[in-house]
1. Kindly list the number of the only condition in (1) surrounded by fewer than 20 Cβ atoms within 10 Å (Cβ to Cβ); (2) without any contact (Cβ under 8 Å) to a residue 40 or more places away in the chain; (3) over 16 Å from the mean Cα position of the chain (by Cα); (4) not in a loop (DSSP other than H, G, I, E, B) that fails for Leu210.
2. Any idea which residue in the range 190-200 is nearest to the chain's Cα centre (by Cα), counting only those that are farther than 15 Å from Ala105 by Cα and part of a helix (DSSP H, G or I)?
3. Out of the helices (runs of 4 or more DSSP H) lying entirely within the range 228-284, which hold 2 or more residues that are within 16 Å of the ligand (Cβ to nearest atom) and on the phi < 0 side of the Ramachandran plot?
4. Which condition number in (1) over 21 Å from Pro137 (Cβ atoms); (2) of a type in the set (Gly, Ala, Ser); (3) outside any loop (DSSP other than H, G, I, E, B) is the one that Ala179 fails?
5. Are any of the residues in the range 103-113 touching a residue at least 12 places away in the same chain (Cβ under 8 Å), under 16 Å from the mean Cα position of the chain (by Cα) and within 16 Å of the ligand (Cβ to nearest atom)?
6. Give me the pairs, please: first residue somewhere in the range 234-260 and closer than 23 Å to Ala152 by Cβ, second residue anywhere and among the aromatic types (Phe, Trp, Tyr) and crowded, with 19+ Cβ neighbours inside 10 Å, beta-carbon distance under 8 Å, and either six or more positions apart or on two chains.
7. From Ile234, Ile227, grab the single residue that is within 24 Å of Ala103 (Cα to Cα), in contact with a strand residue (DSSP E or B) (Cβ under 9 Å, 6 or more places away or on another chain) and not polar (S, T, N, Q).
Amino acid sequence: MSARWSDRQQAMLREMGVTLWLPPTPAEVPVPEAAMPEPVPAAVAVPVPVQAPVPSPAPAPAPVRMSRPAAVSTEPDPPSVPRPLAARPSGVAAMDWPALREAVAGCEACGLCRSRRNTVFGVGHEQAQWMIVGEAPGEQEDLRGEPFVGKAGQLLDNMLRAVGLTRAEAGPEQQVYIANVLKCRPPMNRNPEPQEVAQCEPFLKRQVELVAPKLILAMGRFAVQSILQTGEPIGRLRGRVHAYHGVPVVVTYHPAYLLRNPADKSRSWEDLCLAREVLRQAGG
Ligand code: URA
C-alpha cells in the first residue's frame, strides 16, 4: 500500500485506466542538491611563516560534487507483468447463444481484457428485425455490462422510439438487438485498435448470423468502417444501402457525436427513415 494513494483511490484510478506510478521507496528518491552536505574542502590553506621559498602545495583537487549513488539496479525495470493473452475461443462460427455469450465473457484475446470490468455482449430480441451496431462500451457500459446505457444510450433510445422501436421487451418487429463491434471497453475510451477489432469481429459476425436481422443500423465511424471494411467517412457512406454478410446496412452518426453536433440530428433522422424504408421493402 502506498502512502500517497489509499487502496480505494488506487482501485478507482485503475478503473479509469490510469497507470499508477507508485512513489519510489526512500532509497530510490534522488536527494536534491540543496539537501546535500556542503562539499568538504580537500585541503585547508594554513598561513606559513615565510622562511624560505616553500614549494607551493599541490593544488587541491577540485571539490567533488557529491551525488547520492542512485539506487542502481541490475534488474530490468520492475515488470508490470501483463497477463498473457490467450487465443480467441475456437469454433465461434458454430456457437449457439449460450456458448457465444460464455466465449465473449471469458475472452482474453486482446489487451482490453486486462482493463475491462465486464464484457458487454449485447442485448435485445434474439430474432430482432433491426440490429443496432455501435462501436465499443464506454465507462457506464463497462460497469453495467450492457451496451448504450450512458448519455449516448439515452439519445439512442429516443431515436429508436421516434421510429417505433425499443430495447424493452417487445416482439421482434419492435424490439431491437443492440451490440458493439468491441465487447470490451478501450481504456479512457480511446479509439479501438485494428487488432482489437479483428479479434472481436467473429463474435459480432456470429451475433448477426444468430439474430438474422432484416437490417443493420451501424452507428459511428468505427462501427461503420469496421463492418464495411472501408476508410470512407460516414458523410460519404450515408444515404445508400450497404451489406454485411448479406444483411442490408444503413449507416448513421453515433449518438455521442450527435450530442456534440446536434445540427446533424436531422441527417440522422433521414438515415432512420431510409432504414425504415429498406425494412418496409423487405417486408418487415
Ligand atoms: N458507444 C458505443 O458505441 N457503444 C456503447 O455501448 C456505448 C457507447
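Only the coordinates and a few stated rules stand behind these numbers; no lab work does. Just so we're clear, the structure is a prediction, and the values are computed from it rather than from any experiment. Please note: Cβ atoms are built from the backbone with ideal geometry, for glycine as well, and neighbour counts cover all protein chains shown.
1. Failed condition: (2).
2. If we take residues in the range 190-200 being farther than 15 Å from Ala105 by Cα and part of a helix (DSSP H, G or I), then Glu196 is nearest to the chain's Cα centre (by Cα).
3. The helices (runs of 4 or more DSSP H) meeting that bar are 255-260, 265-281.
4. Tallying (1) over 21 Å from Pro137 (Cβ atoms); (2) of a type in the set (Gly, Ala, Ser); (3) outside any loop (DSSP other than H, G, I, E, B), Ala179 fails exactly one: (1).
5. Looking through the range 103-113, at least one residue is touching a residue at least 12 places away in the same chain (Cβ under 8 Å), under 16 Å from the mean Cα position of the chain (by Cα) and within 16 Å of the ligand (Cβ to nearest atom).
6. Partner pairs satisfying both residue conditions: Ile234/Tyr253; Pro255/Phe148.
7. It is Ile227.
Conditions (1) within 13 Å of the ligand (Cβ to nearest atom); (2) in contact (Cβ under 8 Å) with a residue 60 or more places away in the chain; (3) part of a helix (DSSP H, G or I), marked per residue:
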| residue | (1), (2), (3) |
| --- | --- |
| Arg83 | no, no, no |
| Ala87 | no, no, no |
| Ala93 | no, yes, yes |
| Gln127 | no, yes, no |
| Pro147 | yes, no, no |
| Asn158 | no, no, yes |
| Met188 | no, yes, yes |
